[in-house]
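This report refers to the structure that appears directly beneath it.
FYI, it's all coordinate maths here, none of it is from the lab. Quantities reported herein were computed from a predicted structural model and do not represent experimental measurements. Positions of Cβ are backbone-derived with ideal geometry, glycine not excepted, and every protein chain shown enters the neighbour counts.
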Amino acid sequence: MKVILLAGGFGSRLSEYTEAIPKPMVAVGGRPIVWHIMRTYAHFGHKDFYLALGYRAEIIKEYFLHYRSMNADFSVDLTTGRMTPHQTDAADWRVTLVNTGLESMTGGRVKRMQRFIGNETSMLTYGDGVADIDLERLLAFHRSHGKMVTVTAVHPGARFGELEITGDRVDSFQEKPQTKQGWVNGGYFVIEPGFFDLIAGDATILEREPLEQAAKMGELMAFRHEGFWQCMDTKRDLDALENLWQSGQAPWR
């Protein structure tokens, strides 16, 4: 199944890094976070990726254009330019890189991918959020209800320690857990081709008119993901993801 990745925003809340590189290229464990997201999809057999680019698009294009050489040991004959790899990354992905405009909003970027997706069910997510989501269950849920859009609902991570209190007694203390209250948009959408028709153009924000209209039409369903999910909005988020990866305890690993 084709997978659309939104990878064109300015990433202003992570400006320590995104002044030089686009947010999806910020590394966790030495690899761009977009690679981690793609690896999750590939694990479930979805390896046909469509990256909606904008800000610093050339950096993402350069990374995938030279992916094999950048992720391999090799010898090069400087006379002929011939490269002999000694070890290569086993990724067997197909990656289509599409410049969807510097100023386009999230909905506009999705709309511009319509010509590549065609009349097919497809997957869609943001280029900055990782999860230990079961994509087989997500897709089965989407097919079971027959609606236009499925969004993955997640519990965001708490910024502070969470207390459960009875009277004045603390029954439970958890340092920065996934919250138990409320659901938020975690990305990892499944969309039917009719969803493109709800997007007016470049100025459309995905999370406003298109999804709001789908909800009003009764065509938006939520797949509840109780497991790990974390977006990378700030340096605090990046540091937390890096610590998980380096400790060998990254749930999406």
Just need the Rg to Rh number for region 1-51, please, alpha carbons only, Kirkwood Rh.
1.02
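Of the cross-linked pairs LYS23/LYS47; LYS23/LYS216; LYS111/LYS216; LYS2/LYS23; LYS61/LYS111; LYS61/LYS216, which ones have a Cα-Cα span greater than 26 Å in the structure shown?
Numbers: LYS23/LYS47 21 Å; LYS23/LYS216 32 Å; LYS111/LYS216 20 Å; LYS2/LYS23 22 Å; LYS61/LYS111 20 Å; LYS61/LYS216 38 Å.
Flagged as over cut-off: LYS23/LYS216; LYS61/LYS216.
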Helix-only [θ]222 nm of the chain, DSSP H runs n ≥ 4, -39500 (n - 2.57) each, per residue, nearest 500:
-7500 deg cm²/dmol
With the crude spin-label approximation of a point 7 Å out along Cα→Cβ, what separation in nm comes out for MET1 versus ARG13?
2.7
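With charges only on Cβ, +1 for K and R and -1 for D and E, what is the dipole size of the chain about its Cα centre, in debye, rounded to 20? Intermediate values should be presented prior to the final figure.
On the way: 28 positive and 32 negative charges, 95 e Å.
Here the chain has a charge dipole of around 460 debye.
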With +1 on the Cβ of every Lys and Arg and -1 on the Cβ of every Asp and Glu, the dipole magnitude of region 49-147 about its Cα centre, in debye rounded to the nearest 20, is 540
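Not counting the cut sites, what is the longest span of the chain without GluC sites (Glu not before Pro) that DSSP labels loop and that have at most 13 other Cβ atoms within 10 Å? Mind showing how you got there, number by number?
Details: sites that count: GLU19, GLU103, GLU120, GLU175, GLU207, GLU226.
So the longest stretch without any such site is 20-102.
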Can you figure out the FRET efficiency of GLU209 with GLU58, using R₀ = 35 Å and their beta-carbon distance, to the nearest 0.05?
0.70
Here, SER247 and GLN114, labelled 7 Å along Cα→Cβ, have an inter-label distance in nm of 4.5
Which of MET221, PHE44, PHE196 sits farthest toward the positive end of the charge dipole of the chain, with +1 on the Cβ of Lys and Arg and -1 on the Cβ of Asp and Glu?
PHE196
Multiply the residue separation of HIS145 and VAL76 by 0.36 nm, subtract the distance between their alpha-carbon atoms, and state the gained length in nm to one decimal.
19.5 nm
With a/c under 1.5 counting as rounded, go ahead and sort region 70-138 into rounded, prolate or oblate using the C-alpha gyration tensor (a ≥ b ≥ c being the square roots of the eigenvalues; past the cut-off, prolate if a/b is larger than b/c, else oblate).
prolate
Report, please, the projected area of the chain averaged over directions, based on the convex hull of its C-alpha atoms, in nm².
16.6
